[in-house]
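Working notes, structure below.
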Amino acid sequence: LQIGATDQWGNITAGCELIRRMAAIQDGEAPQVFGLTHPLVTKADGTKFGKTESGTIWLDPKRTSPYQFYQFLIRTPDSDVMKLLRFFTFLSLDELDQLEKSVTQAPEKRLAQKALADELTRLVHGEVELKRAIAASEALFSGAIRTLDAQTLLDIFAEAPATQKPKSALGILLIDLLADAGVCASKGMAKKDLTGGGIYLNNDRITDLAQTITAQDLIAGKYVVIRKGKKNYHLVAFE
């Protein structure tokens, strides 16, 4: 059985012919071979999902971690999510019906995207990795971030700016670190952001200008996560 997208018809028929010839050489008779095609999986804008496109995800966890895989699916636009649910999951028609209603009636809840991410991450990476991906997603916005292991932390902040400091720098004032790492443009701006309540250390809001970074602040014995405002993250490694 040869399977591929409709644009792979030439490869599929060539594969069928190869199977017939190889089997004939080994067994003396050519077997019946089938080719199965599937419509190209395209986005709402007409571009396709595939290895040649930008923003590709991979099934191999060495190329796309389970967390990154999960997050990619969670970010699926409303215009694409039901198509992907129908193509790639084994949800019942009733379940798909309810999820489709949620897309139009309560899009802010993103129930369809969560179902897609849950189902495919479980299918590709297993239940354990799904639970880790969900835990990491929830930890990103809570104090539970301190419980993450080093690899999960690096997966989460793979695209965030990062700074390295020697372990001997522990004890540095947070206000100095903000300026040194470029989180704030200057110590003056760092002071303003701190007193204004816009700076978070490991998801804890910090307003104390005398706050220092100590070994007790390190996640996985090495990292601290600084956040400015709601979405501007910076990972600092002390090593």
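The values are calculated or read from the model by the stated rules, or taken from the named source; none is laboratory data. The model shown is predicted, which means the values in this text are computed figures rather than measured ones. We place every Cβ from the backbone using ideal geometry, glycine too, and count neighbours over all the protein chains shown. Quick note on the areas: whole protein, heavy atoms, side chains included, nothing else; ligands and nucleic acids left out. Shrake-Rupley method; radii C 1.70, N 1.55, O 1.52, S 1.80 Å.
Scanning region 144-182 for residues that are part of a helix (DSSP H, G or I), open to solvent by 40 Å² or more (accessible area, probe 1.4 Å) and closer than 27 Å to residue 71 by Cβ yields 144, 146, 147, 151, 154. Taken over region 187-221, the criterion of being open to solvent by 60 Å² or more (accessible area, probe 1.4 Å) and in a loop (DSSP other than H, G, I, E, B) is satisfied by 196, 207, 208, 209, 210. As a summary of the residue check, residue 54 satisfies the conditions (1) loosely packed, with under 10 Cβ neighbours inside 10 Å; (2) of a type in the set (S, T, N, Q); (3) modelled with pLDDT of 80 or more except for the one numbered (3). On the stretch given as region 124-139, residues that are loosely packed, with under 13 Cβ neighbours inside 10 Å and either modelled with pLDDT under 95 or among the aliphatic types (A, V, I, L, M) (or both) total 2. When you look at residue 76, is it among the β-branched types (Val, Ile, Thr) and over 23 Å from residue 48 (Cβ atoms), yes or no? No. Pairs are defined by a Cβ separation below 7 Å, a sequence spacing of at least 6 or placement on different chains, a first member in region 212-239 that is in contact (Cβ under 8 Å) with a residue 60 or more places away in the chain and hydrophobic (A, V, I, L, M, F, W, C), and a second member that is open to solvent by 60 Å² or more (accessible area, probe 1.4 Å) and outside any loop (DSSP other than H, G, I, E, B); the pairs so defined are 219/146; 235/162; 237/162; 237/164; 238/167.
Scanning region 227-238 finds no residues that are part of a helix (DSSP H, G or I) and surrounded by 15 or more Cβ atoms within 10 Å (Cβ to Cβ).
Residues in region 79-90 that are part of a helix (DSSP H, G or I) and surrounded by 14 or more Cβ atoms within 10 Å (Cβ to Cβ): 80, 81, 82, 83, 84, 85, 88. In region 69-89, the residues that are closer than 11 Å to residue 112 by Cα form Cβ pairs under 6 Å with partners that are open to solvent by 70 Å² or more (accessible area, probe 1.4 Å) and at pLDDT 95 or above, at six or more places apart or across chains, as follows: 82/100.
Among the criteria (1) at pLDDT 80 or above; (2) open to solvent by less than 70 Å² (accessible area, probe 1.4 Å), the one residue 93 does not fulfil is (2). The residue that is nearest to residue 76 (Cα to Cα), among those in region 93-131 that are basic (Lys, Arg) and part of a helix (DSSP H, G or I), is 114.
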